[in-house]
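Down below is the structure, laid out as structure tokens.
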Amino acid sequence: MAEKVVETGTGKKSSEPAVNGRESWLEQYRFGLRTGERGTVVSVGDGIAWVRGLPGAAMDEILAFDDGSRGMVFHLTKDMLGAILLHQSEALTAGTEVHPGRRSLSIPVGDALLGRVVDPLGSPLDNLPAPECHAYQPLETLSPPITAREFVHEPLYTGVKIIDCMVPIGRGQRQLIIGDRGMGRSSLAIDAVINQRGKHVRCVYVLVGQKRSTVVTTMDLLNRYDAMDYTTVVVGEASALPGLQYLAPFAGCAIAEAWMNQGIDTLVVYDDLSTHARSYRELSLLLRRPPGREAYPGDIFYLHARLLERATCLNAAHGGGSMTALPIVETQQGDIASYISTNLISITDGQLYLDQSLFDEGFRPAIDVTRSVSRIGGKAQHACIQKEAGSMKLGYLQFLELEIFTRFGARLEASMEARIRRGRILRELLKQDRLSPLPATFQMAWLVAFNEGCFDNSTPQDVGAQLERLQSRLEDSELTLDDARERWASAVTTWLERAPEKGR
Ligand SMILES: Nc1ncnc2c1ncn2[C@@H]1O[C@H](COP(=O)(O)OP(=O)(O)OP(=O)(O)O)[C@@H](O)[C@H]1O
Ligand SMILES: [Mg+2]
């Protein structure tokens, strides 16, 4: 039943002292009858509260509790509603009064958030004053309509050789990073963020349900590599209320969306959505929503789809901004067919699959090229790099199959042996340490060098030194991606041919 409270005048309770003195209170006094709903907490615990007496409440509406706690309507039943708590004071208990906010949740957005670490409600977590934002963006909005969208056409360089050459990503693309725990998923995302320095891309790094130590390490890395100038970190850590963990990706998305609507390119990392799905499941089960497959609620697909659909590339009429999303998902024992992984694979535009055996063999980043794909990124790749890398992926996949034969000691034709030798060199070339993103010109340099056969007489052990030489010579040169291929070819062959003579 609705409890209706009849308030008179300005709505202030008569026992409250007038703010500007009795006279001004009298001046502002208007006769009239106002009605408002008032609910009561029935039970509270595990980050949720059951409330009775707010029949007019709507989904996602903000609730203000009398003790200062805040919540959001998450589940409606006939005579009660379930709310997730966003801020909980120690005084919150059964019987506390609740007032509906009549609005849904929004977060302060804008340039003041650059370099800041905030929680999903926009409150600072870095011991600095609250960011001075003048605009707000709702956490949940509709994704841009199809008429506002543009094909993905500009590359987003991650600085990782294997990605930029074989599985390229475009601005506005959604590329899933999938793999077991500890396979270097976060490292790839951090590398991508670090590589955006000077590229006019604003980044939002969302940490969901991570340990405090992981949060600190991530922020340390971003600070150390000067990435915080153009980055905002949104944290819903493991010890936070489950409601905050659930909202963190939406908050990160809203922050990036506001920049995208201003025509700015953005990159959002969701680290990671498996934990996000788990916190959503936890909240749903606590609120007695019917469990579906693996006890996840039936709308878990829709939850991630509506988050990732907001990442897109807008057309010129809508400012031309973009939001690239790098969601991260965890697999168990390399099983990509699990529920959440398959959902995310089908929502995104491609995936980077990280493989345990490659990681153990020392091939890092442990991206399994056979199972990684970028469905739309090729269109965004620079024409020169695309031309150079065009047949490389296929050749590499053929090499991986051929290599299996050599394990049985089979005798191979000379041409096959050459292909295998070349493949082994390529595998060595594709290895890359973390936190060392490489510019697009370097990608071009090593691709041309490889295609020109500059590495054909090298052994896998030499490759590292040769790449270093290539990099140092490239830094002194003025070659750009738009230069003719002949210039590139002659430059890289001279750089790589002369150096061994010097060494002798
Ligand atoms: N390219 C690389 N070169 C060398 N080491 C790497 C590389 N990528 C990742 N690593 C190492 O792998 C380990 C795991 O990396 P990371 O924390 O990024 O993985 P994760 O999949 O995010 O793990 P978690 O499950 O803890 O989130 C780290 O110790 C990191 O130093
Ligand atoms: Mg990680």
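Between the amide H of residue 176 and those of 349, 350, 351, 352, distances stay under 5 Å, these residues lying 5 or more places away or on another chain, with hydrogens modeled in the peptide plane.
Normalising by the residue count of the chain, find the relative contact order in percent from Cα pairs under 8 Å and 6+ residues apart. For the chain, the relative contact order is 14 percent. The simple Förster model, with R0 at 51 Å and r as the Cβ-Cβ distance, assigns residue 401 and residue 91 a FRET efficiency of 0.20.
Once backbone amide H atoms are built at 1.01 Å from N, residue 74 has 60, 82, 83, 84 as its partners under 5 Å, excluding neighbours fewer than 5 places away on the same chain.
When DSSP beta bridges are restricted to pairs lying wholly in the chain, around 60% turn out antiparallel. With a simple spin-label model that places each label point 7 Å from the Cα along the Cα-to-Cβ direction, the separation between residue 346 and residue 410 comes to 3.7 nm. Judged by the mean number of other Cβ atoms found within 10 Å, the most tightly packed of the peptides 27-37, 248-258 leads the ranking 248-258, 27-37.
Pairwise inverse Cα distances across the chain, averaged and inverted, put the Kirkwood hydrodynamic radius at 25.5 Å.
Listed by chain and number, the aspartates and glutamates placed with their C-alpha closer than 14 angstrom to that of residue 387 are 164, 452, 482, 483, 486; residues fewer than eight positions away on the same chain are left out.
Length gained on full extension, residue 433 to residue 27, computed as 0.36 nm times the residue gap minus the Cα-Cα distance: 139.1 nm.
Size descriptor for segment 189-289, Kirkwood hydrodynamic radius: 14.0 Å (Cα pairs only, one decimal). The label-point distance for residue 78 and residue 383, in a model that sets each label 7 Å from Cα toward Cβ, rounds to 6.8 nm. For residue 169, the residues 5 or more places off, or on other chains, whose built amide H falls under 5 Å of its own are 156. Per the Kirkwood formula applied to alpha carbons, segment 71-208 shows a radius of gyration over Rh ratio, Rg over Rh, of 1.04.
Bear in mind these aren't lab numbers, they're just calculated from the coordinates by the rules spelled out. These numbers come from a predicted model, not from an experiment. FYI the Cβ positions are ideal-geometry reconstructions off the backbone, even for glycines, and counts take in every protein chain you see.
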